[in-house]
Amino acid sequence: MAPRFQAPRGTRDLLPDELGRWQWAEARARGVLERYGYREIRTPLFEEFELFARTSGESSDVVQKEMYRFRDLGDRDLALRPEFTAGVMRAYLEHGLGGRARVHRLWSLGPVFRYGRPQKGRYRQFSQINCELVGSPAPGADVEMITLFVDLYEAWGFHDLTVTLNSVGQPASRRAYGDALRAWLAPVRERLGADSQQRLVTNPLRVLDTKDEGDHALFRELGDMPRLLDAVDADDRAHWEAVLAGLEAAGIRYEVDHGLVRGLDYYTRTAFEVHDRSLGAQSALGGGGRYDGLVEELGGAPTPGVGFAIGLDRALLVLEERGAAVPSPAAGLYVAAMEPTRAAALGLARALRRRFAVELD
Ligand code: HAM
């Protein structure tokens, strides 16, 4: 008989056998983050709903369809965090970190929540490793971020990653691009999915983000999609060229993806992702980009930033499917006691446990 209670749909238990892989991956990641000079920050699992609505964008899937929004007993409008960036930047402002140092390198690890349709690699509670470099507008900051991003995967044994990259420009260039996209899609407008038709009106860039296969077939039918990169201004273009040159110097393999727009609204200039095809439809292992307008949007002084998040569940799923071995924990001691030595064994095991892993019969 099935047990009366089961984990809520889209969530999972991580049993001790699986946790070995998680702990190993987390420890490897911490090592890389320390060597890059990043410091950990921990923020609450829930925040004001409005914080996420403002930053992720009212028309994003995350806000429209995927938010765990609730009222607490004091009638506050709250939401479980669907990502880290908004909470980290809220904390950055609340504690005046900008006044303490010009540049901050911050990382976090923990669960995030999105009410999506559960499938392979897509959960309602999942874990991210999140990194933010706040305070630098330099292309070198983007390069550092992307290099760190790749080095985290490499520390887990991924050696064949290609980063996909685009520039999403500024709000003004995106509006111009939105008009170009509307014109391009006009001939197939009625054949697009209902979501995309709606987005074509409210936020045409989001159409490129569609998960509807029928829509993607229409894009292929139309061919020659207008390019965001053709709409960005001269400063954004120079930034873009400098980032590409930096990636080449750092030895990072990349590909330009003109359709890459990211699912959250706060990005400016560089946007990037890595994918693994073995995951099927949910192929993004991680992604990020620059968000130069975000702090201002939250009421702070203009502050540039760039960051990314890695979906740990997906990365570990791929490693497991590839049969990557996890080093087993250090060998321990086993104390076997006979009846006359049972009392002595208790004391001995306790003393040994100050230095060694000990299992007592
Ligand atoms: P994101 O692309 O929304 O970015 O999420 C990052 C990663 O989280 C995805 O690439 C994917 O691996 C994983 N992920 C997303 N949804 C799910 C899900 N339902 N189940 C399992 N894994 C999932 C962000 O969250 C940004 N805050 C990244 C960032 C930081 N940008 C700047 N700073």
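Couple of notes before you dig in:
- The requirement of being more than 30 Å from TYR153 (Cα to Cα), away from the ligand (no atom under 16 Å from the Cβ) and in a helix (DSSP H, G or I) is fulfilled somewhere in segment 325-339, by at least one residue.
- Identity of the residue in segment 325-359, surrounded by 10 or more Cβ atoms within 10 Å (Cβ to Cβ) and in contact with an Asp or Glu (Cβ under 7 Å, 6 or more places away or on another chain), that ends up nearest to GLY121 (Cα to Cα): GLY332
- Subset of segment 272-281 (residues that are within 9 Å of the ligand (Cβ to nearest atom), open to solvent by less than 10 Å² (accessible area, probe 1.4 Å) and outside any helix (DSSP H, G or I)): VAL274
- Qualifying residue in segment 20-31 (condition: under 19 Å from GLY110 (Cβ atoms), surrounded by 18 or more Cβ atoms within 10 Å (Cβ to Cβ) and within 13 Å of the ligand (Cβ to nearest atom)): no
- GLY289 meets each of the listed conditions (1) more than 17 Å from the chain's Cα centre (by Cα); (2) within 30 Å of THR11 (Cβ to Cβ); (3) part of a strand (DSSP E or B) apart from (1).
- Here ASP292 meets each of (1) modelled with pLDDT of 95 or more; (2) touching a Phe, Trp or Tyr at 6+ places or on another chain (Cβ under 7 Å); (3) over 29 Å from TYR123 (Cα atoms) with one exception, condition (2).
- Residue within segment 162-172 that is open to solvent by 20 Å² or more (accessible area, probe 1.4 Å), more than 13 Å from the ligand (Cβ to nearest atom) and touching a helix residue (DSSP H, G or I) at 6+ places or on another chain (Cβ under 9 Å) present: yes
- Within segment 41-59, residues that are under 23 Å from GLY289 (Cβ atoms) reach no partner that is open to solvent by 60 Å² or more (accessible area, probe 1.4 Å) and aromatic (Phe, Trp, Tyr) with beta carbons closer than 7 Å at six or more positions or on different chains.
- Criterion (within 27 Å of ARG227 (Cβ to Cβ) and within 15 Å of the ligand (Cβ to nearest atom)) met by exactly one of SER108, SER127, SER60: SER60
- Once segment 299-324 is narrowed to residues that are more than 14 Å from the ligand (Cβ to nearest atom) and open to solvent by 40 Å² or more (accessible area, probe 1.4 Å), the residue that is modelled with the lowest pLDDT is GLY323.
- Where ARG262 falls short, out of the listed (1) in contact with a Ser or Thr (Cβ under 8 Å, 6 or more places away or on another chain); (2) within 13 Å of the ligand (Cβ to nearest atom); (3) under 23 Å from ALA53 (Cβ atoms); (4) open to solvent by 10 Å² or more (accessible area, probe 1.4 Å): (1)
- Highlighted here are the helices (runs of 4 or more DSSP H) found entirely within segment 33-145 that include at least 1 residues which are open to solvent by 70 Å² or more (accessible area, probe 1.4 Å) and in contact with a strand residue (DSSP E or B) (Cβ under 8 Å, 6 or more places away or on another chain): 49-56.
- Hey, ALA231 open to solvent by 80 Å² or more (accessible area, probe 1.4 Å) and over 22 Å from PHE52 (Cα atoms) or not: no
The values are calculated or read from the model by the stated rules, or taken from the named source; none is laboratory data. This one's a predicted model, so the numbers in the text were calculated from it and none came from an experiment. Neighbour counts run over all protein chains shown; Cβ positions are idealised from the backbone, glycine included. Keep in mind that these areas ignore ligands, DNA and RNA; they rest on the heavy atoms of the full protein, side chains included. Shrake-Rupley method; radii C 1.70, N 1.55, O 1.52, S 1.80 Å.
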